[in-house]
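Student: I have a structure here, written as C-alpha cells, and I will follow up with some questions on it.
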Amino acid sequence: SDDNFRSPLADEISGEAQTEQEKWAGFELFSIKNEPLFAFPLAANFPPVHLSWRASAIFPLVNPPSLVMENLFADLPPATLAEEQFRALLTVPGLRIERIVSSGQATPPGEWYDQPHGEWVLLLRGRAALRFEDEARARELRAGDCLDIAPRRRHRVEWTAAGELTVWLAIHHGVPSAA
C-alpha cells in the first residue's frame with residue numbers, strides 16, 4: 001500500500017544501513033548499459049526518480065507528471081488549432097523529449113530556427129515540409145519520416161497540413177542544463 005512506501009532518500013537521511021537491493025525494492029529501475037538512470041516507484045502517487053550516480057545523489061525529474069502520458073496520441077486537440085501545442089514528455093540534463101501538435105502552422109516568413117543543440121524529429125501523423133537554409137527546396141515529410149537536425153543548422157517549418165493534425169516527436173539532444 002502507499003502507506004508502506006518508503007523512499008530510499010528517507011533511509012539515507014535517517015542513516016539506516018540497507019543493501020542496494022533492499023534500498024530499491026519498491027522501484028522498477030530503468031538502465032542503459034547497466035547504469036541505472038531512473039527509478040519508477042511501484043506505489044501509486046509518487047514521482048519517478050532520476051538517479052545520478054556520479055554525484056551520489058538523487059534528484060527528482062524536472063517534469064515527472066508529464067510521464068503519466070500513456071499514449072502519444074492521447075489528449076489530442078481538435079484539428080482546428082490556433083497555435084501549435086508543445087508538451088514536454090521528459091526533461092533531464094542534456095535531453096528534452098516533446099510532442100508537438102500542429103494544424104496548418106508554419107514558421108513565420110523570414111524567420112529561421114537556429115538552435116545551439118541537436119534535434120531529432122519523427123513525424124508520427126500528418127504531413128509537413130521542413131526547409132534548411134542551405135538547401136534550395138523544402139523536404140516534404142509524411143508519417144514515419146524522421147531526420148536529425150545538427151546544432152546551429154538553420155531550418156524552418158514551411159507548412160503543416162491544414163485541417164488535420166500533424167503530430168511530431170522531437171528529441172532535443174545536447175540541451176544546456178537551463179533549457
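The values are calculated or read from the model by the stated rules, or taken from the named source; none is laboratory data. This structure is a prediction, so every number in the text was calculated from the model and none was measured. Methodologically, a virtual Cβ is constructed for each residue, glycine included, from the backbone with ideal geometry; neighbour enumeration extends over all protein chains shown.
Student: With the requirement that a residue be closer than 16 Å to Val157 by Cα and without any contact (Cβ under 8 Å) to a residue 40 or more places away in the chain, what does the stretch 85-101 give you?
Tutor: Those that are closer than 16 Å to Val157 by Cα and without any contact (Cβ under 8 Å) to a residue 40 or more places away in the chain: Gln85, Phe86.
Student: Can you tell which of Ala79, Ala128, Ala162, Ala136 is at pLDDT 95 or above, surrounded by fewer than 17 Cβ atoms within 10 Å (Cβ to Cβ) and not acidic (Asp, Glu)?
Tutor: Ala136
Student: Could you check the stretch 102-152 and list, in sequence order, the residues that are outside any strand (DSSP E or B), free of Cβ contacts under 8 Å to residues at least 24 places away in the same chain and among the basic types (Lys, Arg)? Write out each step before concluding.
Tutor: Filtering the stretch 102-152 for residues outside any strand (DSSP E or B) gives 103-112, 114-117, 126, 133-138, 143-145, 150-152.
Within this subset, residues satisfying the condition of being free of Cβ contacts under 8 Å to residues at least 24 places away in the same chain are 108-110, 133-138, 143-145.
If the condition is that a residue be outside any strand (DSSP E or B), free of Cβ contacts under 8 Å to residues at least 24 places away in the same chain and among the basic types (Lys, Arg), then Arg137 is the only one that fits.
Student: Another question about this same structure. Is the stretch 107-124 home to any residue that is crowded, with 18+ Cβ neighbours inside 10 Å and farther than 20 Å from Ala88 by Cβ?
Tutor: No, the conditions are met nowhere in the stretch 107-124.
Student: Identify, please: which residue in the stretch 82-109 is under 19 Å from Ala162 (Cβ atoms) and among the polar types (S, T, N, Q) and is, among those, modelled with the lowest pLDDT?
Tutor: Gln85
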